[in-house]
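**Q** Shown below is the structure under consideration.
The values are calculated or read from the model by the stated rules, or taken from the named source; none is laboratory data. Predicted model, so just to flag it, every value in this text is computed and none were measured. Counting neighbours? That spans all protein chains shown, and the Cβs are built from the backbone with ideal geometry, glycine included. Areas reflect the complete protein model, heavy atoms only, side chains present, ligands, DNA and RNA absent. Shrake-Rupley method; radii C 1.70, N 1.55, O 1.52, S 1.80 Å.
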Amino acid sequence: QQLDLDITDYLLSNQPNQLMLRLRGGKGWQLNKVWLDLTSPVHVQEAFAYTESLTDTAVLNIQAKFRAEQIANTVNGRWQGRVNVKITPWSPRPQADPVFNETFPITLRAYKTEDFSEQILLLNPKKWTPDNPNLYKVELSLLDSKGQYVDAYVFTTGVRALSQENGIFHLNG
């Protein structure tokens, strides 16, 4: 099958959050490696985590970028909300109970990308190794000032420390 995107119908419909796609057969153009990113005006652009230090406690550094396009309900032209960070053991077996779940305030300005950085402490983390590839699911949920869900970003990460001493490579010490 081939995909025919009729953007004229979409623009003339004046319906927010609608995208009209028409499928047609026969000869014509085709799409290859195409995706749509559907985001709210205030959203998480990207996020990742890395292990800053690792002993019996891991210091996990969470980094994210938030973007606000058109902002409604602002205070002095700034959007006020919260970021909930939830970390849950994910692999080899997903678990329901998070090992970390905390909310942080955030302020965004219109048409600006704002950086977010928090250091998270994980007690007795399951370390990632090639023999035991333990992973954690990290969920960042963006909430407005009323606590209503706005956007989310989910990724997985492993807790590990890499170093080199006297020409010897070390994993987790």
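**Q** Select from region 151-173 the residues that are assigned to a loop (DSSP other than H, G, I, E, B) and open to solvent by less than 70 Å² (accessible area, probe 1.4 Å) and write down the one among them that is modelled with the highest pLDDT.
**A** GLY158
**Q** Could you tell me whether region 68-82 includes any residue that is touching a residue at least 24 places away in the same chain (Cβ under 8 Å), closer than 21 Å to VAL159 by Cα and open to solvent by less than 70 Å² (accessible area, probe 1.4 Å)?
**A** No.
**Q** Still on this structure, please answer the following. Using the structure shown, decide if LYS137 is open to solvent by 50 Å² or more (accessible area, probe 1.4 Å), within 29 Å of THR55 (Cβ to Cβ) and under 13 Å from the mean Cα position of the chain (by Cα).
**A** No: the conditions fail for LYS137.
**Q** If you go through region 109-128 one residue at a time, how many are of a type in the set (A, V, I, L, M, F, W, C) and out of contact with any Ser or Thr (no Cβ under 9 Å at 6 or more places or on another chain)?
**A** 2
**Q** Tally time: how many residues in region 101-125 are of a type in the set (S, T, N, Q) and not in a strand (DSSP E or B)?
**A** Here the count works out to 1.
**Q** Right, something else. Which condition does ILE62 not pass, out of (1) under 27 Å from GLY158 (Cβ atoms); (2) surrounded by fewer than 15 Cβ atoms within 10 Å (Cβ to Cβ), if it passes all the others?
**A** (2) is the only condition that ILE62 fails.
**Q** Taking the condition open to solvent by 70 Å² or more (accessible area, probe 1.4 Å) and at pLDDT 95 or above, does ASP97 pass?
**A** Yes.
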